[in-house]
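Following: one structure in structure tokens, then a few remarks.
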Amino acid sequence: MINEKIVTKAIIESYTKKLLSSLELDVAVCGAGPSGLVAAHYLAKEGLKVGVFERKLSIGGGMWGGGMMFNEIVVQEEGKGILDELDITARPYTKGYYVADAIECVSGLCLKAVKAGAKIFNLVSVEDLVVRQDKVAGIVINWTAVEMAGLHVDPLTVFSTFVVDSTGHPVEVVRVLERKMNVQLLTPSGKIEGEKSLWSNVAETKTLENTAEVFPGLYVAGMSANATFGSYRMGPIFGGMLLSGKKVADLIIQRIK
């Protein structure tokens, strides 16, 4: 016989335990798109304490829909290497191009991140940053439902040694820092340069090059990196996103270890 009180208590106690254990992190990843999930996997695999905070109900960012709701994605040879490592199928299409099922990709990336030890919090928005002595030292979170309803409800704080903005095109976390703290970012203008129109060939290369620390304690990955440093978007080819997630993880692991 099912006791609804036990079901409710189990959910509240389990979630509370998970949240309490994540109030001090090595890395807070903001945005559970492909680059964020890949970063979380490699960071957690190295034994780091990782929390991933996703505003939406679903994780996966733009990867779920493939290209224009044809739920297949394309990766190049380098990106296929990461899918191979994570046991996600990529099928050859023509020389240098591989196709993968978008649903398998998102599900596989999520599973690998969680199994490595990362904690994923969906329906949680990052509305502000903790900045201490000119360094990002954590994130300020609230329920997405509170944000959507426009309710005046104060947020809570998660402290973190490093923060990764993998929120994609809106580059939400860096934008908060720029707007509220009026800081000089490590970009040519000292500000967010802004995303350019679609040019896949350049964008794929620049995504990896632009994956970097943009302010002490704050890194950018995936499309956030290109939007921050002023490069192009790439559409439904995702190799650069996967490689960017791996690169930002490697950069942070080097800093911590």
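Every number here is computed from the coordinates shown, using simple stated rules; none is lab data. For clarity, every value in this text was computed on a predicted model and none was experimentally measured. Note that we place each Cβ from the backbone using ideal geometry, even for glycine, and neighbour counts take in every protein chain shown.
The distance between label points at Val7 and Lys95 comes to 5.8 nm (points 7 Å beyond Cα on the Cα→Cβ vector). Charge tally around Ile253: other residues with Cβ under 11 Å, Lys/Arg +1 each, Asp/Glu -1 each, net +2. Residue-wise HN-Hα couplings along the stretch 74-91, as the Karplus relation 6.51 cos²θ - 1.76 cosθ + 1.60 with θ = phi - 60° gives them from phi, are 10, 10, 8, 3, 5, x, 4, x, 6, 4, 4, 4, 9, 6, 10, 6, 10, 9 Hz; Gly and Pro carry x.
Taking only the Cα atoms of the chain, how large is their convex hull per residue, in Å³? Don't skip to the answer; put the middle values down first.
On the way: hull volume 38.1 nm³, N = 257.
So the per-residue Cα hull volume is 148 Å³.
Among residues other than Tyr15 with Cβ under 12 Å from its Cβ, the summed charge is +3 (Lys and Arg +1, Asp and Glu -1). As a rough guide to protection, the peptides 243-252, 59-68 ranked by mean Cβ packing within 10 Å, highest first, stand as 243-252, 59-68. Packing here is the average count of other Cβ atoms within 10 Å per residue, and on that basis the peptides 205-218, 228-241, highest first, run 228-241, 205-218. Taking 0.36 nm per residue of separation and subtracting the Cα-Cα distance, full extension of the segment from Ser58 to Thr205 would add 50.1 nm. Computed 3J(HN,Hα) for the stretch 139-153, one whole-Hz value per residue from the Karplus formula 6.51 cos²θ - 1.76 cosθ + 1.60 where θ = phi - 60°, is 10, 10, 10, 8, 5, 4, 4, 5, 4, 5, 7, x, 7, 8, 10, glycine and proline marked x.
Taking 7 Å steps out from each Cα toward its Cβ at Lys18 and Met148 produces label points 1.8 nm apart.
Could you work out how much longer the chain between Lys180 and Lys115 gets when fully extended? Use 0.36 nm per residue separation minus the Cα distance between them, nm to one decimal.
Once the chain is fully extended between Lys180 and Lys115, it gains 19.8 nm.
Counting DSSP beta bridges in the chain, what percent are antiparallel, to the nearest 5? Beta bridges within the chain, antiparallel portion: roughly 55 percent.
Assuming R0 = 35 Å, what is the FRET efficiency of Ile256 and Met69, from their Cβ-Cβ distance, to the nearest 0.05? For R0 = 35 Å, the calculated efficiency reads 0.35.
What does the net charge come to around Val74 if you take all other residues with beta carbon closer than 15 Å to its beta carbon, with K and R at +1 and D and E at -1? Here the charged neighbours net out to -2. Coupling constants for the stretch 229-240 follow from the phi torsions by the Karplus curve (6.51 cos²θ - 1.76 cosθ + 1.60, θ = phi - 60°), and in residue order they are 9, x, 10, 8, 8, 10, x, x, 9, 10, x, x Hz; glycine and proline get x.
Extension gain for the segment Val140 to Asp87, taken as residue separation times 0.36 nm less the Cα-Cα distance, is 15.6 nm to one decimal.
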